[in-house]
Amino acid sequence: MTEEKKPPQDETIACEICLKEIPISEAKSEEATDYVLHFCGIECYDKWKDQNKKEEN
């Protein structure tokens, strides 16, 4: 019998803000001192950035 070959599944990671699963290869990241955050798009990155500004004040 021949075995069906399936395309490899991309590894995914959750967006830091909305928790949407995104392929690691497509993840946008913002590096911090000791860790990396992943965002699915600019909208989530902007939300994260705005939250951090509010916490600093």
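How much length is gained on full extension from I13 to L37, taking 0.36 nm per residue of separation minus their Cα-Cα distance? Intermediate values should be presented prior to the final figure.
On the way: separation 24, 0.36 × 24 = 8.64 nm, distance 1.01 nm.
My answer for the length gained is 7.6 nm.
For a quick check: sort L37, L19 by the number of other beta carbons within 10 angstrom, fewest at the front.
Details: L37 16, L19 9.
Taking fewest neighbouring Cβ atoms as first place, the list is L19, L37.
Every number here is computed from the coordinates shown, using simple stated rules; none is lab data. Note that the coordinates shown come from a computational prediction; the quantities given were computed from them, not determined experimentally. Backbone-built Cβ (ideal geometry, glycine too); neighbour counts: all protein chains shown.
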